[in-house]
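As C-alpha cells, the structure follows; a few thoughts come after it.
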Amino acid sequence: MATTRLLLRRGSAAGRVLPWRLVPAQLHSSQAEPPPAKPKRTKTFSIYRWNPDNPSKPYLHNYDIDLSDCGPMVLDALIKIKNEIDPSLTFRRSCREGICGSCAMNIDGDNGLACLTKIQSSGSASTITPLPHMFVVKDLVVDMTNFYNQYKSVEPWLKRKDPPPQPGKEILQSKKDRAKLDGMYECILCACCSTSCPSYWWNPETYLGPAALLHAHRWIQDSRDQYTKERLDAVNDEFKLYRCHTIKNCTHACPKGLNPAQQIESIKKLQLQ
Amino acid sequence: MASRSKLSGMQKQVLGLYRNFLRAARKKPPEECSRIKSIISAEFHENARNVDRKNFLYIEYLIRRGKKQLEQLNNPGIVGLSTFKFTSSSSAAAINISLDDQNSKPESPKLHVDEPDNKPAVNATIG
C-alpha cells in the first residue's frame with residue numbers, strides 16, 4: 001500500500017510513469033523547473049554626468065534599472081549601471097555599509113550615503129547629483145581638499161602641556177568624561193552636513209562648516225586635552241564659527257544621525273565663558 | 001597689443017599659474033629646469049589653442065588641477081617631470097606608470113606623467 005501511494009505521488013509530480021519498484025524519496029528536487037519569474041519593476045535614475053576629458057556642459061543622463069534584479073540601496077543601482085549599462089560612470093565607494101563615507105552624494109535632493117539610502121520604489125525618476133556646491137572632478141566625484149584642509153586646521157589630535165601622569169601608559173578618563181564624546185567621535189567625515197549648509201555654500205573657504213566644528217568640539221570636550229582654551233580661541237572667529245545661523249540642514253543630512261548643530265551651539269555657549 | 005589690454009580675472013589666474021610653474025621650474029637642477037619648462041609651455045600652449053575661451057567650467061577645472069600639480073612640483077622632494085607618449089591604439093599595453101620609491105634615494109624621485117598623443121594630460125591617469 002505504501003509503495004503504491006509513493007508511486008502515485010511521484011507520478012503526479014513528475015508527470016511520467018515510473019517502473020513498479022520502491023523508489024526512495026528524494027531529498028532534492030531533480031525537476032529543473034525555472035524559478036517563478038519575478039515581475040520586472042523598472043526605475044529610471046537621472047545621474048549627473050560631466051567628463052573632464054571631453055568637456056562640455058554637464059547633463060543628466062537617464063538609466064533604466066530593473067529593481068527586481070538589483071539590491072535595495074542606491075549604491076547597488078549605481079554599481080549595476082556601471083557593470084551592465086555604462087562603465088564610464090564614475091563615483092567613489094568603499095565599504096558599502098555606511099562607515100567609510102566615500103559614497104556621499106545628493107540623492108533626490110537630500111545629501112546622504114548611497115550605500116545607506118534605499119531606492120524609492122515609486123515609479124518616478126530618482127535624481128542623483130554630486131554633493132552640492134563642491135567642485136566636480138568627474139561625474140559624481142567631488143574635490144574634497146578644502147573640506148579636509150578645514151578638518152586639519154582644527155588640529156584634531158590630543159595636545160598636552162605636561163607629560164602623561166603615568167609615562168608610557170594611557171591617559172585615564174572617567175566614564176562620564178568619555179560619555180561627553182558620544183555623538184562626536186562617530187563622525188565619518190562624509191561631508192554630507194557641510195555640503196548641505198547654505199552658509200557653507202556661500203563661504204566655503206572661510207566658514208569651517210558643521211563637520212570641522214563638530215570635530216573641534218570633540219577635542220574641546222576631551223578631558224585629556226589641555227589646550228581647550230587655545231582651541232576655543234582659534235575657532236572664536238567671525239567667519240570660522242559665527243557664519244553658523246542654526247539653519248539645521250546639517251542635522252537633517254547626517255547619515256549617521258549625529259547632531260552637528262547642537263555641538264556648534266555648545267561651542268558658542270562655551271565661548272561666553 | 002590689444003589682447004593684453006583687458007585681461008579677465010580668469011586669464012590673470014592662468015597667467016599667474018604659468019608664471020608660478022616657471023618659477024618652480026627654476027628652483028630645480030638646471031637640466032631638469034629646461035625640460036620642465038618645455039613640458040609646461042607645451043601644455044599651456046596646447047590648451048590655449050584647443051580650449052574654447054567661453055568654456056569656463058573646463059578652464060576652472062584645469063586651473064584647479066594645475067594648482068594641485070604646482071603644489072606637488074614645489075615640494076623639495078620632487079626633482080623632475082617626465083612624459084611619455086602613447087598612441088590610443090596601444091594604450092592598454094603602454095600605460096606603464098612607474099613612480100620611483102621616494103624613500104630610497106632623495107635625489108631621484110620623479111613625477112612620471114603620461115601624455116596621450118593628442119591630449120597632454122599631466123597627471124598619470126588611467127583612462
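Annotations for the structure displayed:
- GluC sites (Glu not before Pro), loop per DSSP, at most 14 other Cβ atoms within 10 Å - longest free stretch of chain A: A:1-96
- GNM flexibility winner over chain A from A:S88, A:S199, A:S126 (Cα, springs under 10 Å): A:S88
- Here the label points at A:D69 and A:D237, each 7 Å from Cα along the C-beta direction, are separated by 5.3 nm in the simple model.
- Highest mobility in the GNM of chain A, judged by mean-square fluctuation with C-alpha springs under 10 Å and restricted to A:R160, A:R49, A:R92, is found for A:R160.
- For residues of A:45-53, the mean tally of beta carbons on other chains within 10 Å: 2
- Placing a pseudo-label 7 Å from each Cα along the Cα-to-Cβ vector at A:S223 and A:N54 gives an inter-label distance of 6.1 nm.
- For the stretch A:238-253, the residues whose amide N sits under 14 Å from a probe point set 7 Å from the Cα of A:D110 along the beta carbon direction are A:249-253.
- Helix screen, chain A: DSSP H segments with Cα axial length of 15 Å or more and mean Kyte-Doolittle hydropathy at least -1.0 are A:2-14, A:209-221, A:260-271.
- One chain, two ends: A:D162 and A:T145. Fully extended at 0.36 nm per residue, the span grows by 2.8 nm beyond their Cα-Cα distance.
- Here the calculated FRET efficiency for A:S174 and B:R35, from their Cβ-Cβ distance with R0 = 45 Å, stands at 0.15, rounded to the nearest 0.05.
- Spin-label pair A:S46-B:K12: with each label point 7 Å from Cα along the Cα-Cβ axis, the two points sit 3.9 nm from one another.
- A:F45, B:F86, A:F239 arranged by Cβ crowding within 10 Å, fewest neighbours leading: A:F239, B:F86, A:F45
- FRET efficiency for A:S121 and A:C95, using Cβ-Cβ distance with R0 set to 22 Å, rounded to 0.05: 0.35
- Sorting A:98-108, A:137-147 by average packing, meaning the other beta carbons within 10 Å per residue, from highest down gives A:98-108, A:137-147.
- Efficiency of FRET between B:E71 and B:E46 - r from beta-carbon atoms, R0 30 angstrom, step 0.05: 0.85
Each value in this text was obtained by applying a stated rule to the coordinates, not by laboratory testing. Keep in mind that this is a model prediction, so the values were computed, not measured. Cβ atoms come from the backbone with ideal geometry, glycine included; neighbour counts cover every protein chain shown.
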